[in-house]
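First up is the structure itself, then whatever we jot down about it.
Please treat every number below as a calculation from the coordinates, not as lab data. Because the structure is predicted, anything quoted here is derived from the model rather than measured. Virtual Cβ from ideal backbone geometry, glycine too; neighbours counted across all protein chains shown.
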Amino acid sequence: IVMKNIVTLLVLVLLVSSCCNDDDVFVNDPIVGKWSYEYVNGYEITDCKSNDYEQFNADGSYFRTDCKEDYPFKTGFWRHIEGNSYLIEYKDVRGGIYSKNVIVQFTDENTMRFHYQIKVYELKRIGK
């Protein structure tokens, strides 16, 4: 009987673990997509910044451009912590590593407000 219970337990563990595929953990998260900047703290975006974007991929990877910085490309990872809280970890081309907790509010499926420290960014979805 003990051996039968152990086998049953192992089969249950295998079934539960096989149904949970880490590859699609973020597929349905509303942040997934390519987002361009509309404004920061109520200021219009300059021509330079209007070409920048943040890309949140379904596999948890992250890419960002920033025309105003010496190192304009940043790559890393993101994850949804809970509620409106997200963690973004990325590095620049020189290897500097950054981690930031942000609060995200979705006003509709194509608009989000991104709160980080004292800045508020509004971004529009420009792709998936």
* Asked: If the limit is 18 Å between Cα atoms, which of 34/74; 68/119; 68/128; 49/74; 74/100 go over it?
  -> 68/128
* Asked: To the nearest 20 debye, what charge dipole does the stretch 38-120 have about its Cα centre, counting +1 at the Cβ of each Lys and Arg and -1 at the Cβ of each Asp and Glu?
  -> 320 debye
* Volume in Å³ per residue [convex hull over Cα atoms, computed for the stretch 21-128] -> 103 Å³
